[in-house]
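Report on the structure given below.
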Amino acid sequence: MLTSEQLLRWERDGFFVLRGFADTAKGHAMAEETIAAIRADPPSAHSGEPAYVTREELLIQPEAKPVGGAVHPEDHVSKVFNTHLAGHGRDFALQERCGAIVAELLEADVDVFQSMFILKNAGAWGQPWHQDSHYFNFDHQPQVGLWLAISEATLENGCLSVLPGSHRLPIQQHHPDKRPGANYGYLEIEGVDESTATPVLMRPGDLLVFHSYLLHKSVDNRSNARRAAMVYHYGRAGTKNLAPPDVAKRQEAVTRWVPVVRGWTRAA
């Protein structure tokens with residue numbers, strides 16, 4: 001069960017951090033597995049494509065702008081989706097501890113429906129202010145994100161920043177990221193008051209639990225090393241996509257619903 005302090009932070013701030021949640025060896029195994037998949041089907045074989053799907057149903061999204069100093073195929077990649085479908089990524093997503101956290105917050109049976117391994121290589125740009133639920137046209141709101149730090153997340157290498165309490169806002173209008181070379185699908189909320197923005201500094205194995213309405217962004221990676229993370233999104237079992245059929249069809253490439261918790265009941 002979550003503590004009263006964690007539940008308070010969820011209601012008040014829209015997020016909390018579980019320090020040392022996972023063994024760092026598990027994170028390294030996820031990273032090695034993801035890098036192996038990239039090297040088996042590298043971006044160079046899909047030149048010019050904003051994203052491509054591998055035989056294992058992973059969707060790989062290369063960086064849109066040129067990557068200086070890249071040596072290996074993974075140095076050109078921004079994100080790898082669908083990591084919850086197999087291997088170490090699936091094992092972590094389906095573990096009882098993760099399911100219990102989300103089920104308690106949503107008070108329902110839950111599925112994991114999206115995952116992404118974020119490489120955030122040296123020199124990679126950050127992602128502007130956004131709310132994850134803007135991307136999820138679902139009948140049941142909100143969703144819960146679990147953001148596992150694989151490497152350290154610092155101000156220098158592009159940690160997340162959040163606006164505490166912003167999860168109480170409705171979904172805001174999002175505009176295309178106007179930066180030349182911005183990654184495919186990047187949107188932004190314009191005119192955000194950043195006076196209360198809070199950086200989320202994390203060590204490997206820490207887990208950020210956050211509300212899908214929470215405004216958050218990441219800053220550029222100004223370090224000379226990768227800032228890696230695995231991110232999962234969970235929703236209520238039985239959730240339906242309300243997007244128009246053509247949009248819903250495209251979203252299927254990165255939304256794969258897998259059961260995690262069934263038979264949830266409120267603790268006595």
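Might you work out the accessible area of TRP264 for me, using a 1.4 Å probe with all protein chains in place, and round it to the nearest 10 Å²?
80 Å²
Give the distance, in whole Å, between the Cα centre of region 73-90 and the Cα centre of region 201-246.
Taking the Cα centre of each part, region 73-90 and region 201-246 sit 14 Å apart.
Once you've got the GNM for the chain with C-alpha springs shorter than 10 Å, pick whichever of LEU242, LEU85, LEU207 has the biggest mean-square fluctuation.
LEU242
At 10 °C and 1.306 mPa s, grab the translational diffusion coefficient of region 121-193 from Stokes-Einstein with a Kirkwood Rh over Cα pairs, rounded to a whole number in µm² per second.
Rounded to a whole number, D works out at 111 µm²/s.
What does the net charge come to around ASP13 if you take all other residues with beta carbon closer than 12 Å to its beta carbon, with K and R at +1 and D and E at -1?
Counting the neighbours of ASP13, the net charge comes to +1.
Arrange the residues ASP132, ASP139 by how much accessible surface each exposes, largest first, with a 1.4 angstrom probe.
Putting ASP132, ASP139 in descending order of accessible area: ASP139, ASP132.
When the Karplus curve 6.51 cos²θ - 1.76 cosθ + 1.60 is applied with θ = phi - 60°, which whole-Hz ³J(HN,Hα) does each residue of region 102-117 get, with x for Gly and Pro?
5, 4, 5, 6, 8, 6, 6, 5, 9, 10, 9, 10, 8, 8, 8, 8
With point charges of +1 on the Cβ of Lys and Arg and -1 on the Cβ of Asp and Glu, referenced to the Cα centre of region 1-107, which listed residue (LEU2, HIS84, ALA36) lies farthest in the positive direction of the dipole?
Result: ALA36.
Once the piece of chain linking LEU169 and VAL258 is laid out straight, how much longer is it, given 0.36 nm per residue of separation minus the C-alpha distance between them?
That pair, LEU169 and VAL258, stretches by 29.2 nm at full extension.
Tell me the per residue accessible area of the chain using a 1.4 Å probe; a whole number in Å² is fine.
47 Å²
Distance in nm between label sites at LEU8 and SER44, each 7 Å beyond Cα in the beta-carbon direction?
A separation of 5.5 nm, rounded to one decimal place.
For the chain, give the percent of accessible area contributed by carbon and sulfur heavy atoms, probe 1.4 Å, rounded to a whole number.
53 percent
The values are calculated or read from the model by the stated rules, or taken from the named source; none is laboratory data. From a predicted model like this one, the values you see are computed outputs, not experimental measurements. Every residue, glycine among them, receives a Cβ derived from its backbone with ideal geometry; neighbour counts consider all protein chains shown. The accessibility values were calculated without ligands, DNA or RNA, using every heavy atom of the protein model including side chains. Shrake-Rupley method; radii C 1.70, N 1.55, O 1.52, S 1.80 Å.
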